[in-house]
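The values are calculated or read from the model by the stated rules, or taken from the named source; none is laboratory data. All figures in this text were calculated on a predicted structure; none of them were measured in a lab. Glycine also receives a Cβ, built like all others from the backbone with ideal geometry; neighbour counts cover every protein chain displayed. What goes into the accessible areas is simple: the full protein's heavy atoms, side chains included, and nothing from ligands, DNA or RNA. Shrake-Rupley method; radii C 1.70, N 1.55, O 1.52, S 1.80 Å.
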Amino acid sequence: MKPIDLRMEGTRQGAIETARNRIIVVMALFTLGFFSLVVKLISVGVFQANGTTYYQTASSSQSALMARADIVDRNGVILATNLKTPSLAISKVDMRASAEELAQEVSEVLPEMEYEDVLAIMNAKGNHRWIKRKLTPKQEYDIRKIGDPGLVTSDSEKRIYPHGRLAAHILGAVDIDNNPKLGVEAYFDEQLSDPAKSEEPLMLSIDIRLQHILNQELTSYMDKFLAKGAAGLVLDVRTGEVLALSSLPDFDPNDLNGPKNLSEMNKVLQGVYELGSGFKTFTIASGLENKVVDLSDGYDATKPVVVGGFTIRDDHPKERWLNIPEIFAYSSNIGTLKLAQDIGVERQKEFFDKLGLFGKSDIEVYEKSGPLLPRQWGPTELATTAYGHGIAVTPLHLATGIAAMVNGGRLIPATLLRKNVSEFTGVTRISSDDESSAHSQVISQETSGIMRNLLHLAVEVGTGKNAKVDGYLIGGKTGTAEKVIKGGGYSHKAVISSFISVFPINDPKYLVFAMLDEPQGIKETFNLRTAGMTAAPMVGDIIRRIGPLMGVSTTKKDEIEYEDLILVSGHER
Amino acid sequence: MGTFSRTDNSILSTWWWTVDRWLLMSIALLITIGIVLVFGASPAVAERIGLSSFHFVERQIVFLILSVGAMFAVSLMSPVMVRRFGVILFVVCLLLLGATLVAGAEAKGARRWIQIGSFTLQASEFLKPAFIIFTAWMFSESQRNPKFPGWKISFVTFGIVVALLISQPDLGQTILVAVVWGIQLFMAGLAWFWVGALIALAFFGLLVAYFTLPHVEKRVDNFFFPSPGGNYQVDLSLNAFKNGGILGQGPGEGVVKKYLPDAHSDYIFAVAGEEFGAVICLLIILIFAVIVIRGFVNLLKEQDMFTVLAVAGLLIQFGTQAFINLAVNLSILPSKGMTLPFISYGGSSMLSLAVGMGMILSLTRRYSHYQPGQTALTWGRG
């Protein structure tokens with residue numbers, strides 16, 4: 001027994017020895033294991049610590065965006081920018097839940113999609129399928145919350161126009177793939193979509209504050225006179241910069257469809273109209289410039305004149321001899337056409353051509369129209385174009401021409417880009433030809449001075465009286481033109497009422513044009529729809545608001561030039 | 001407790017003067033850190049799945065009270081009682097495990113839980129300490145009595161346990177049980193040849209698991225060949241440590257817990273890393289290392305084979321579980337659901353670990369230095 005017992009004890013002692021030795025092996029393994037944890041913890045938590053960035057996915061995807069450059073107004077206010085809008089796709093390989101389950105959850109998040117539609121996309125062939133593009137942030141959040149790795153969101157961006165409809169016709173729009181459709185978006189696409197220039201905003205000549213005022217007044221007068229449409233333009237006559245341009249009805253560029261029908265076209269650049277009496281400014285300037293008449297000359301406007309079978313009357317007949325200032329102020333058709341007859345077809349055509357009325361303008365959009373010109377220039381055409389009929393141009397053509405009449409005679413092409421941008425660094429500067437020598441002199445300084453005074457006179461004593469604004473010297477000319485009916489002839493009920501004005505007329509800075517498409521006469525205007533009753537007060541209201549904003553100082557009532565030329569009997573409505 | 005006198009012979013006083021107080025303190029520290037972290041991490045998870053904010057916190061406190069009670073009760077037992085308790089528990093757990101297969105509640109594609117009231121019981125958790133005790137008993141018995149077929153019994157029971165766990169399926173627990181059993185076998189004096197063969201077999205088993213179980217293949221592939229987005233939890237978890245840096249974002253300031261599905265249990269270490277920083281994480285690793293390594297060092301002086309095998313087995317289970325959890329959080333190992341002992345939220349797991357720790361406390365009480373009722377006149381073995 002004893003030896004066995006001893007042996008047993010011996011084995012036991014040996015076994016416990018072995019166990020203890022082997023514990024050391026296990027201990028070493030654990031020490032190694034815990035040491036590796038410490039090493040990894042320090043390498044991650046201390047040496048790779050970032051402390052600020054939370055997610056790789058959130059930070060790394062930012063640079064991959066293909067940003068389209070912003071568009072800003074002349075003061076740097078953003079008119080078009082980009083918003084990250086993720087698109088949702090299904091990746092079937094990564095899908096955990098069943099297609100039915102996911103389709104149910106996704107259709108709950110996207111109210112515009114039915115369960116069946118989502119399911120159909122998920123069951124379609126191919127691994128990767130788009131479900132919905134341009135999610136809202138809330139939708140993205142809810143989709144992420146579903147938490148299925150098969151629902152893949154990819155960053156893309158949506159063009160956003162924070163001012164909505166306000167400058168729609170200038171900016172244009174882009175489609176769902178950011179391909180531009182209209183406006184400066186289309187015209188400057190190459191530059192805007194250039195990844196190297198994505199940080200440089202495109203600076204327009206537009207002042208969004210003026211744009212807002214113009215839009216508001218146009219809307220309110222359009223409603224007041226139940227007009228079908230309205231359009232307006234504010235132009236800097238010294239530089240040709242378009243400060244505001246509006247056309248109603250307009251469209252929302254954020255809505256990816258763009259303008260829906262012809263009525264939403266840009267009336268200022270695309271619409272061509274027989275703008276009427278505004279053209280008398282050109283005829284009289286041409287007569288003075290060509291020394292056909294001087295201010296004291298005049299024509300007999302006692303009786304209507306028959307030209308080429310048409311009887312031409314005055315809208316405000318004085319039935320007497322009128323001098324040149326009277327012809328302009330009272331907007332006499334008879335007097336103007338008699339002057340045109342003295343000027344002659346060739347000189348008239350040459351003058352219109354110099355004013356750029358025979359071709360498309362240079363303005364930076366693609367959707368613009370050229371004029372509708374008479375097929376041949378006979379005596380009738382000479383007579384009608386003299387007072388703005390038988391020739392249809394865009395409002396911009398008229399505005400550019402009128403600007404040249406008052407700014408010292410230089411024809412400066414209108415532009416949508418800001419000039420003199422030196423104070424804004426990092427802003428694209430495309431054209432810099434603001435030197436006066438680069439522009440063609442269409443009339444002399446002296447004639448331009450006379451034209452200012454004539455325009456002033458038309459507001460003070462003539463048809464533009466309703467455009468008067470206390471404190472500002474305004475020059476302007478009404479234009480009421482009957483619309484051409486399809487198939488020929490003129491409508492007596494459908495008119496285009498427009499008013500073109502310049503202020504301050506003693507030192508012209510801004511040109512304001514506004515027109516109403518088919519205004520209806522109302523009680524307040526004695527059922528009249530003439531420009532003097534509708535468009536002139538509208539322009540007055542616009543000037544009253546933009547003048548102080550643009551820092552135009554008020555002037556005490558100045559001596560009105562040529563008032564002495566107006567016969568006393570002329571002081572009537 | 002401080003008023004206990006060494007001559008006081010009450011059970012409590014005896015317990016206090018014989019128990020390993022360093023171990024006790026380490027566990028208390030872990031539990032404290034655990035409460036703070038569950039407080040921080042679990043409201044985000046609870047709110048996300050539509051429970052009241054402090055749902056997990058409240059339950060965790062209930063579990064903690066139960067666990068501490070169980071640990072204390074078990075640590076009061078004598079070594080023989082611990083052995084008996086372990087064996088009985090082992091038999092009960094085997095039966096429950098069988099029952100789970102038949103009548104268990106299914107969650108996330110596995111049958112692991114038995115519903116008892118509002119609590120669910122995971123039998124496999126309690127099986128682990130019980131099986132360790134059983135194995136230690138079998139091996140030590142066959143040392144004491146060579147005719148006793150302890151090794152054979154142990155091999156057979158190991159086969160049964162693995163079969164039951166695999167059929168749940170619960171690969172994580174299977175690996176843990178296999179590792180602990182293998183090391184116990186190793187310490188019991190397995191010939192080196194068989195040690196090598198066993199390691200080879202373990203690798204073969206892992207390869208089989210990789211090629212036959214699709215979710216294992218996916219996780220391992222994701223770990224070795226990370227694809228962007230495919231490794232969601234691991235990416236988040238590593239980012240948490242990066243965000244945290246040395247001192248952390250501050251308590252409650254973490255964001256990863258809002259996205260990690262198991263922020264309150266399996267990934268609580270990442271939450272600690274983000275909110276409290278690398279310093280606290282180092283402290284947590286250190287506490288686990290101290291408990292395990294110090295436990296082993298103490299065993300080097302131990303004479304009783306059963307105690308060596310049982311305590312070593314329990315320490316290995318505890319240490320391996322902690323290591324796997326920490327390693328997964330730090331992306332050293334592929335993602336595998338395993339709780340962090342005493343820190344993670346988790347009912348059965350915590351209770352089971354407490355029972356295991358109670359057994360360690362009981363088995364390491366210094367009876368050799370002090371016998372109840374005996375005036376301590378001599379040092380060492382009287």
Problem set entry | Partners for A:Lys197 among lysines (Cα-Cα distance below 23 Å; same-chain residues under 8 apart left out) | A:Lys84, A:Lys158, A:Lys181, A:Lys419
Exercise. So for region A:233-274, what are the equivalent ellipsoid semi-axes in whole Å, largest first, each being the square root of 5 times an eigenvalue of the Cα gyration tensor?
Worked result: 23, 14, 7
Seminar exercise, completed: Among beta bridges assigned by DSSP with both residues in the protein assembly as shown, the antiparallel ones amount in percent, to the nearest 5, to 95 percent
Seminar exercise, completed: For region B:252-318, listing GluC sites (Glu not before Pro) in a DSSP loop whose Cβ sees at most 16 other Cβ atoms within 10 Å gives B:Glu253
Exercise. In whole percent, how big is the carbon plus sulfur part of the accessible area of chain A, probe 1.4 Å, protein atoms only?
Worked result: 53 percent
Exercise. Calculated FRET efficiency, B:Leu283 and B:Leu24, Cβ-Cβ r, R0 30 Å, to nearest 0.05?
Worked result: 0.95
For this session: Net charge near A:Glu185: determine it from the other residues with C-beta under 9 Å of the C-beta of A:Glu185, scoring Lys and Arg +1 and Asp and Glu -1.
Result: +2
Problem set entry | For A:Lys132, residues with placed amide H under 5 Å, excluding near neighbours | A:Leu88
Problem set entry | Among B:Phe193, B:Phe241, B:Phe342: highest mean-square fluctuation, GNM of chain B, C-alpha pairs under 10 Å | B:Phe193
Exercise. Helix A:2-42 versus the longest principal axis of chain A: what angle, 0 to 90°, nearest 10, using Cα atoms?
Worked result: 10 degrees
Exercise. Once the Cα atoms of helix B:55-75 and of chain B are each reduced to a long axis, what angle between those two axes, in degrees from 0 to 90 to the nearest 10, is obtained?
Worked result: 20 degrees
For this session: Consider just the alpha-carbon atoms of region B:166-303 and return their Rg together with their Dmax, both in angstrom.
Result: 19.2, 54
Problem set entry | Directionally averaged projected area (convex hull, Cα atoms, chain A), nm² | 41.6 nm²
Seminar exercise, completed: re the protein assembly as shown: pairs of Cα atoms spaced beyond 55 Å account for a percent value of 46 percent
Problem set entry | Inverse mean reciprocal Cα-Cα distance (Kirkwood Rh) of region B:246-373, Å | 16.1 Å
Seminar exercise, completed: Note on chain B: the mean projected area of its alpha-carbon convex hull, in nm², is 20.8 nm²
Exercise. Quick one: Cα centre-to-centre distance for region B:156-185 and region A:225-255, in angstrom?
Worked result: 81 Å
Seminar exercise, completed: Expected unfolding gain across B:Gln303-B:Val62 under the 0.36 nm per residue rule, minus the alpha-carbon gap, is 82.9 nm
Problem set entry | Whole-percent carbon and sulfur share, accessible surface of region B:13-371, 1.4 Å | 72 percent
Problem set entry | Total formal charge among the other residues, if their Cβ is under 14 angstrom from that of B:Val216, Lys/Arg +1 and Asp/Glu -1 | 0
Exercise. If you put +1 on each Lys and Arg Cβ and -1 on each Asp and Glu Cβ, how big is the dipole of chain B around its Cα centre, in Debye rounded to 20?
Worked result: 840 debye
Problem set entry | Percentage of interatomic Cα-Cα distances in region A:85-201 larger than 25 Å | 38 percent
Exercise. How much accessible area is lost when chains B and A come together, counting both sides, with a 1.4 Å probe, in Å² rounded to the nearest 100?
Worked result: 3900 Å²
For this session: Hand me the trypsin sites (Lys or Arg not before Pro) from region B:1-97 located in a DSSP loop with no more than 11 other Cβ atoms within 10 Å, in residue order please.
Result: B:Arg6
For this session: With a cut-off of at most 14 other beta carbons within 10 Å, and DSSP calling the residue loop, which GluC sites (Glu not before Pro) in region A:92-149 qualify? Please list them.
Result: A:Glu112, A:Glu114
Exercise. FRET efficiency for B:Glu47 and A:Phe35, Cβ-Cβ distance as r, R0 = 35 Å, nearest 0.05?
Worked result: 0.40
For this session: Round to the nearest 10 and report in Å² the accessible area of B:Ile293, as given by a 1.4 Å probe over the protein chains' heavy atoms.
Result: 40 Å²
Exercise. Could you give the accessible area per residue of chain A, probe 1.4 Å, as a whole number in Å²?
Worked result: 44 Å²
Problem set entry | Approximate spin-label separation B:Ile160-B:Lys218, in nm, with each point projected 7 Å along Cα-to-Cβ | 3.5 nm
Exercise. On a 0 to 90 degree scale, rounded to 10, what angle separates helix A:345-354 from the longest Cα axis of chain A?
Worked result: 30 degrees
Exercise. So what's the gap between the Cα centers of region A:72-110 and region A:513-541, to the nearest angstrom?
Worked result: 48 Å
Exercise. Among the aspartates and glutamates, which have Cα under 15 Å from the Cα of A:Lys132 when same-chain residues fewer than 8 positions away are ignored?
Worked result: A:Glu105, A:Glu108, A:Glu112, A:Glu114, A:Glu116, A:Asp117, A:Glu140, A:Asp142, A:Asp155, A:Glu157, A:Asp177
Seminar exercise, completed: Residue-normalised value, i.e. accessible area per residue, for region B:13-371 at 1.4 Å probe, in Å², stands at 40 Å²
